[in-house]
Amino acid sequence: MQQRIVVVGAGFGGLEVVKGLAGAPVDITFIDRRNHHLFQPLLYQVATASLATSEIAWPIRSLVWDRPGVTTVLANVTGVDAKRRLVLLEDGATVPYDTLVLATGARHAYFGHDEWEPYALGLKTLEDATTIRRRILVAFERAEQEADPEKQAALLTFVIVGAGPTGVELAGTIAELARDTLPREFRNIDTGRARVVLIEAGQRVLAGFPEDLSDYALRSLRKLGVEVELGRAVSDCSADSVTYGDIRLATRTIIWVAGVRASPAAEWLGAPADRVGRIQVMPDLTVPGHPEIFAIGDTVTVNGPDGKPAPGIAPAAKQEGRYVAAVIKQRLRGDAEPQPFHYRHQGSLAQIGKRRAVIDFGWMRLRGALAWWLWGIAHIYFLIGSRARLSVAINWLWVHARNQRSARLITQGEAQIESPENPTAKGAVKANSPLG
Ligand SMILES: Cc1cc2nc3c(=O)[nH]c(=O)nc-3n(C[C@H](O)[C@H](O)[C@H](O)COP(=O)(O)OP(=O)(O)OC[C@H]3O[C@@H](n4cnc5c(N)ncnc54)[C@H](O)[C@@H]3O)c2cc1C
């Protein structure tokens, strides 16, 4: 019998393991609770109506159809019985393994304030993105019909918490949607008056970037009309307001991109974890005490030889996935133990708005229009398949040239409009439902 490899999670890390094992004499079971692989870096473009869901997600089966040794399973993993080498599924079934790879990612977290979740929408899945899109578009619709100026102002106030790359990208794009795309279509309101407020507890936006690029991003956001509030932590979120510092701001739309929590993989194994639940894996990415279990991507933390942890970004997950596939193949051949995993940083990118982006390659920094073009080319390159690449490129050209955003559809409900007070109104999909 061939080695049974079970890979849990078809995100960036898991997919890379499966790709890397092509040609190896193994049987692979590829488990995910969703039927698609998702390109999370462009989720914010779905949330802001620039791209459609099918442009950034692909059915997992379609990615491995030509690999007879790979069996795809749609299931929610709820635990691991490491003694009996079984993966436990929600429906009570089990999947046996000889080697297990956990690549189950992370979710947004509210720093111990889970009660904020119904009001402060996280962005991690396609459902999250379409829920945010719905909330933004419905806010404009309701503002158009609202006679009370205070309520109208609250509807036209969009708050983003967390000024990392996703927060900056969301803020810039919502500002452009309000100022460039929507004004000519509304009769009673000037959508250009919408307030986009980006709140950050730290002292600068894009804190992971060099200071000059952070400063450029801050100036660019302000040019777009985004109000940036630095050095103030959010202390409360409710259906109609957000409180930060000593300010209570009336709003009906809060988007939360401020924190993450790892998947519960560490709990499944009783493995050592850091404060956000990431497994502290060994230098060869195995779980301590379990040489037959690897864990990779956002659900782990691993220090490089320089003592720095690999960041929670797609290239790190992909490099870890490739490394694990190589180790498994080495073991099958009976070769010597591998060198420890070594993360290589290729660069950090963030888009701020049309024709504005920042890139830090380490050895070179770019900003402005050139960075924006490179950002676009890099993202198109990393999409899967020519259809998605072409379709995204055309959509971006349309946004660029004509300010049109094709995916401005309010879905997941009929006349019943989901509101922050009633987040699960008839027909509305709960933001965190694992299967939508
Ligand atoms: C909004 C957003 C923007 C981002 N932007 C960037 C960016 O610009 N550049 C960048 O490099 N990185 C970016 N990232 C980070 C990047 O997406 C992650 O680092 C990367 O996805 C991690 O890969 P992964 O394989 O560990 O996890 P994921 O890609 O998250 O994959 C995890 C998979 O596991 C599945 N899964 C989870 N739990 C279970 C379970 N119990 N049972 C079955 N299946 C399960 C999930 O359905 C998912 O398919 C962004 C992330 C987000 C959320």
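The values are calculated or read from the model by the stated rules, or taken from the named source; none is laboratory data. Fair warning: this is a prediction, and the values are worked out from it, not measured in the lab. Reconstructed Cβ throughout: ideal geometry from the backbone, glycine too, with neighbour counts over all protein chains shown. To get the accessible areas, we keep the full protein, side chains included, count just its heavy atoms, and leave off ligands, DNA and RNA. Shrake-Rupley method; radii C 1.70, N 1.55, O 1.52, S 1.80 Å.
Figures for the structure shown
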quantity	calculated
For the chain: accessible area per residue (Å², 1.4 Å)	45 Å²
Estimated 222 nm signal from helices in the chain, with DSSP H stretches of n ≥ 4 weighted -39500 (n - 2.57), rounded to 500	-9000 deg cm²/dmol
In degrees, nearest ten, helix 165-176 long axis to first principal axis of the chain (Cα)	30 degrees
Cα long-axis angle, helix 369-382 against the chain (0 to 90 degrees, to the nearest 10)	40 degrees
Qualifying GluC sites (Glu not before Pro) in the range 34-141, DSSP loop, other Cβ atoms within 10 Å at most 12	Glu90
Listed peptides 213-226, 179-192 by packing density, highest first (mean Cβ within 10 Å)	213-226, 179-192
Rounded to 5, percent antiparallel among DSSP beta bridges of the chain	50 percent
Under 5 Å, built H, 5+ apart or other chain: amide partners of His37	Trp58, Ile60
The range 302-396 shape via C-alpha gyration tensor axes, a/c threshold 1.5	oblate
Highest to lowest packing among 227-238, 261-272, scored as the average C-beta count within 10 Å	261-272, 227-238
Placed amide H near Thr78: partners under 5 Å, 5+ positions off or other chain	Leu88, Leu89, Glu90
Principal-axis tilt of helix 386-402 within the chain, Cα atoms, nearest 10 degrees	20 degrees
Percent carbon-and-sulfur accessible area, the chain, ignoring ligands, DNA and RNA, probe 1.4 Å	53 percent
Lysine-lysine proximity count for the chain, Cα under 17 Å, sequence distance 8 or more or distinct chains	5
Antiparallel %, DSSP beta bridges [both residues in the range 127-252], to 5	40 percent
Backbone HN-Hα couplings from phi across the range 26-36 [Karplus 6.51/-1.76/1.60, Hz, Gly and Pro as x]	9, 9, 10, 10, 10, 10, 8, 7, 10, 8, 9
Cα gyration tensor, the chain - rounded (a/c under 1.5), prolate or oblate	prolate
Percent antiparallel among DSSP beta bridges (both partners in the range 196-314, rounded to 5)	60 percent
Alpha carbon centroid spacing (whole Å) that separates the range 309-376 from the range 58-104	26 Å
